[in-house]
Structures are given as C-alpha cells and as structure tokens.
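Data first, discussion second: the structure below is written as structure tokens.
Just so it is clear, none of the values below were taken in a lab; they were calculated from the coordinates. Bear in mind that the values here come from a model prediction, so they are computed numbers and not experimental data. We place every Cβ from the backbone using ideal geometry, glycine too, and count neighbours over all the protein chains shown.
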Amino acid sequence: MNVFEILGPVMVGPSSSHTAGAVRIGLMTRKLLAQRPVEAVIGMYGSFAATGRGHGTDRALVAGLLGMRPDDMRIPDSFRYAKEAGFQFSFETIQLREAHPNSVMIRVRGEKGRELTVQASSLGGGRIMINRLDDIDVNCTCEMPTLIVHNMDQPGHVSHVTTMLSQNSVNIANMSLYRNKRGGRAVMVIETDQPIPEESIRWLEHLEGVLKVTYINVGGEI
Amino acid sequence: MAFESLEMILQTCREKNLPFWEAVLLDDMNERNTTREESVEQMRELWHAMKEAARCYDGEIRSHSGFVGGAGKQMEEYVKDGKALSGPFVGKVIAGALQMGESNACMKRIVAAPTAGACGVLPAVLVPYEQERKIPEQKILEALYTAAGIGQVIALRASIAGASGGCQAEIGTASAMAAGAMIHLRGGTGEQIIHGAAMSLKNLLGLVCDPVAGLVEIPCVKRNVAGAVIALSSADMALAGIKSRISPDQVIDAMKEVGDLMDVRLKETGRGGLAGTREGQEMAETLN
C-alpha cells in the first residue's frame, strides 16, 4: 500500500468499507451509466444488508449516485438531496451466489432512458471492485481503461487483441483470462494505461470468433 | 513500496545518510512516480484535513444508533477543570482521541489513519502537541511520513484490517505509527522510532475486534484512547533508550500470527467479545 493508502482517504465516517467504499460504488455506477440517474433499485447483500444502515451504507450509495465523493459532507443528508434532485430509489435485501460479503447490486435508469445493472463489492480501505455489468462478469476496478472481450476459446484471439494494443502504443497494466471449458467460451479482461481508440474497438467486434466487446473508460480514479 | 521490513528502512537510511521520514518520502516518489513537491503537498492537505476534522467536533451530536456521542466533550471539560490524573497534555490527548472517534461514528469528515475506526489515534497526539509546542508544519509533515512508513510495513507483513487481524491490526498499527511520529518530533533516531513502534504494537497485541452490532462505535471510539496513550508511553520508553527485546519486524510478524490464530467471532463479525455480551446483543436488537 502506498503512503496515501495508509494515511487517507479523507472521508465521511464511520467505515472505509461500508461508507467510503459505498460512495465510490455509487459514483462509479453513475459514471458507467454516463447519464444522470433518475431511478434506482439497490439490492444489499451480506454485511451491507446486515449492518449497512448503522454504517450509513444506504446514504453513502445514494450520495455516490448523486455524484458526491467520499469526503462530501452532504453524504449523511443524501436522501434529502435525492428528493430535491428528483432521484427515486428503493432498497431491498438480496441473495447473491459466491459474492464478497460487502456486495450490492444496483439497477439504475438514467435521464435519457439508459438502464444498467451493476454488481459491485467493497474490499476494505475504500477500495472497490465492479463484479458484473448487466450479464457480463468484469471483476475489475474500472478506474483504468478496461477492455473486456468475449470470444470462442481458440488459438490467436489474445494475440489479435494484444497486437492491436501494441500498434496503438497502448500499454497493458493487468490482464486476466477465463474460460468455461476447453474450446468453449472465453473472456479476457485487460486494463490499460492509455485509452484505446474507438475504431480499434469496432475492428475487434468484427473479428471471427469474437462474441462481444465491452470497453469501459470512465476517466480516472474516484 | 520497496521496504519489506522496518530494518530495511533503517538500512536505507544508513546507506544514503537519510532520516527515516525522508527514506519513506523518496520511496513514495518512486512508487507513485511523483515529484517531491507533489507528494509533500498531498501530505500537507491531509494534515490540514486532520486538523479541520479535530476542530469540527460537535459534542452535541449522537451517532445514528444513539450509542455514542458527547464523551469527548465531557472529557474536555474535565481536563479544563484541572482534574486529570494524567495531567493536562495527556488529558487533551484522551479528549482528542474520543472526539475524533465520535466524529467518525457520527458521519463527520475524518482522515483514515490507517483506518476510519482508528482515525483518532494519530491526530490525538499530533494536534495538541503542535498547538502547545508551536511545531513548524514541516516537522509535522515529516512525522506523518514516519508514521506512514511504519504503517506500510505493518500492512505488508501483517494486516491493517480488523476483519483479518482483529483490533490489534487497526488500533495497534495506529498506535505504532503515532509512537514513531512523536519520536521523530522529539528528535529521536531511526532506531528509537522502530523500537517505539514495536513497543506500542506489543502492548496492544491480541486485541480483538468485537464491535457491538458490527458498528464502528462500541468499543472502537474508546480504543482510540488506548492507542494514543500507549503511543506516548512507548515513545517515552524509546526516547529513554529502552528497546524492544523482540526485534520490531518480528513483533509485526507475531501480530500477524496472533491475527491468524484469532477466532473469526473476534474479527469484526459482531458476534464474540463485547458484541456477544447480553447487553451487546440487546443493543444490536434495538436497531432492527
């Protein structure tokens, strides 16, 4: 951990995981939606469901969805700000399979009608992970440009993607590969230091054996 | 972070003829690829946020559960009346630790150091000391780098999360960091810094994380006092020339082992210890 992960963050209490992390999840959901949210159904799981109210997790998630950061003094009153902003929300307790104990699933609708379901977890110290976007497993922080490619499990796909990144002078920060079975469906999740050009993303979509390409670039840490 | 042990920080200090804090600063510049000015400026903002958090304490507010609030004000008034057994300075440290812990529980803005639950320890010793002794800000920033370096090594070798290491990992680490910071402010050596940190940690070894209803309130607020006062006594021992008979890095390793052996009911699950008492359970039930 770096110096400012030991000292910091500057945050509204009481818990870095249940409050600061929850604000970040709300804010990241808003960034991923890329619209002002107008309605959300927030499903709390595990420790979030059990101790969330006492830790202000509910108010923290709403604060983040309203665009507040973890040190915003308005967090405790976020429900009132939501009402003023015309943002409607409700909470429910949900069950998830094999999820981190501090997890939440947010179904959100934006002002221009876009809908998105985000499943995320708070890992401690305010750090978060986005686990699912709609029906795609992503398991990344989404703080760096992130490319998620679903493809058939055949030789050559990783090479296509990494060659494309290399040609664009994009450096890979993290990369992981999964597959459901040999020769089945595979997923690669790649976090990069630089953004990836739009036309290269479109080029990937048309490659044979590539099933789906998702690109996330919300621009920087939150 | 390049340092795997406190001894390694001291070794770097000896090789490059640096004070402890500067070895930590140089490592941060290298690690995050920033300039000296950027790093120091960020530390300055953090220090200002810490002081602001101490200043904004409100003795009238209570936490959402209603379990905590007001103790910091009571303590401050008691110290002002000149009644404190431990004297006016330590009295202020106790009040400051309670106040920051309560501010955190009441959803005020604080600085996690190293965690939100332990956010009262470091400012409790630094804020009154700076005020009373008129310490230049640069010295305080150096003390904060010293504290951060200690925290980094503990995070790497053991843990700073109550859920994995118990309260010793949170308040124990905060106390070790605060001891190191104070030793720097009193002109102590690198050797004294790491031995003071080790003695703090040793005094809090085995402390479990047993919060009532899983909230960062009971006993977290008052444990900030333990961390702050033990930091002072450990710093004084180190400055007197007393050493930890077990080397500081091995003390950290012992903390990790104790955390691993600790029952899960005593690691932030709200089940064992104080959380598991009849009263603790009854309090938890009032929230549902």
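Can you tell me the orientation of helix B:173-185 relative to chain B, as the angle in degrees between its alpha-carbon axis and the longest Cα principal axis, to the nearest 10?
Roughly 50 degrees, rounded to the nearest 10.
Which residues in region B:191-220 place their backbone N less than 18 Å from a point set 7 Å from the Cα of B:Leu261 along the Cα-to-Cβ direction?
Hits in region B:191-220 for B:Leu261 at 18 Å: B:201-209.
For the residue pair A:Ile136 and B:Asp253, what label-to-label distance in nm results when each label sits 7 Å from Cα along the Cα-to-beta-carbon direction?
Taking the two extended label points, one gets 4.6 nm.
Normalized C-alpha radius of gyration of region A:146-220, against 2.2 N^0.38 Å?
Ratio of Rg to 2.2 N^0.38 Å for region A:146-220: 1.03.
Given a 10 angstrom Cα cut-off, can you work out which residue in A:Asn180, A:Asn151, A:Asn168 is the most mobile in a GNM of chain A?
Of the options given, A:Asn180 has the highest mean-square fluctuation.
I need the calculated FRET efficiency for the pair A:Asn180 and A:Ala34, taking r as the beta carbon distance and R₀ as 22 Å, to the nearest 0.05.
0.15
Can you pull the Kirkwood radius for region B:101-180, inverse mean 1/r over Cα pairs, to one decimal in Å?
In region B:101-180 this quantity evaluates to 13.0 Å.
Using helices alone, I'd like the mean residue ellipticity at 222 nm for chain A: each DSSP H run of four-plus residues gives -39500 (n - 2.57), total over residue count, nearest 500.
-7000 deg cm²/dmol
Under a crude label model (7 Å from the Cα following the beta-carbon direction), how far is B:Arg36 from B:Lys243 in nanometres?
Between B:Arg36 and B:Lys243, the simple spin-label model gives 3.2 nm.
Please report, largest first and rounded to whole Å, the three semi-axes of the ellipsoid equivalent to chain A, where each semi-axis is the square root of five times an eigenvalue of the C-alpha gyration tensor.
Its equivalent ellipsoid spans semi-axes of 32, 18, 17 Å.
For the protein assembly as shown, what does the convex hull of the Cα positions come to per residue, in cubic angstrom?
Taking only Cα atoms, the protein assembly as shown has a hull volume of 164 Å³ per residue.
Which angle between 0 and 90 degrees, to the nearest 10, do you get for helix B:36-55 versus the longest principal axis of chain B when only C-alpha atoms count?
Taking the Cα atoms of chain B, the angle to B:36-55 is about 30 degrees.
Averaging sequence separations of C-alpha pairs under 8 Å and six or more residues apart, then dividing by the length of chain B, give the relative contact order as a whole percent.
RCO, chain B: 19 percent.
Treat chain B as a sphere of radius equal to its Kirkwood radius over Cα pairs and apply Stokes-Einstein at 25 °C in a medium of 0.890 mPa s; give the translational diffusion coefficient in µm²/s, rounded to a whole number.
Translational D for this selection: 130 µm²/s.
By how many nm would the segment from B:Met29 to B:Arg157 lengthen if fully extended, with 0.36 nm per residue of separation less the alpha-carbon distance?
43.9 nm
Helix A:21-33 against the longest principal axis of chain A: what's the angle in degrees, Cα atoms only, rounded to the nearest 10?
50
Apply the Karplus parameterisation 6.51 cos²θ - 1.76 cosθ + 1.60, with θ equal to phi minus 60°, to every residue of region B:18-34 and state each ³J(HN,Hα) to the nearest whole Hz, in sequence, with x for glycine and proline.
My calculation for region B:18-34 gives 10, x, 3, 4, 6, 4, 5, 4, 4, 5, 5, 4, 5, 5, 9, 6, 10 Hz in order.
Region B:1-70 to region A:146-189: how many Å between their Cα centroids?
What the calculation gives is 39 Å, centre to centre.
Report, in listed order, any pair from A:Lys31/B:Lys108; B:Lys51/B:Lys80; A:Lys212/B:Lys267 with a Cα-Cα distance greater than 31 Å.
Violating the 31 Å Cα-Cα cut-off are A:Lys212/B:Lys267.
So who's got an amide H within less than 5 Å of the one on A:Phe89, skipping anything under 5 residues away but keeping other chains? H placed 1.01 Å off N, in plane.
Counting only residues 5 or more places away or on other chains, the set is A:Ala40.
Farthest toward the dipole's positive end in region A:3-134, which of A:Leu27, A:Gly52, A:Ala85, given Cβ charges of +1 (Lys, Arg) and -1 (Asp, Glu) about the Cα centre?
Going by the Cα projections, it comes out as A:Ala85.
According to a simple spin-label model (label point 7 Å from Cα along Cα-to-Cβ), what is the distance in nm between B:Lys16 and A:Phe79?
So the two model labels end up 5.2 nm from each other.
Three principal axis extents, largest first, for the C-alpha atoms of region B:107-242, in Å?
Largest first, region B:107-242 extends 42, 30, 23 Å along its Cα principal axes.
May I ask you to list the residues of region B:190-226 whose amide nitrogen lies under 20 Å from a point 7 Å from Cα along the Cα→beta-carbon direction of B:Gln281?
The answer is B:209-215, B:218-219.
Rounded to the nearest 5, what % of DSSP beta bridges with both residues in the protein assembly as shown are antiparallel?
85
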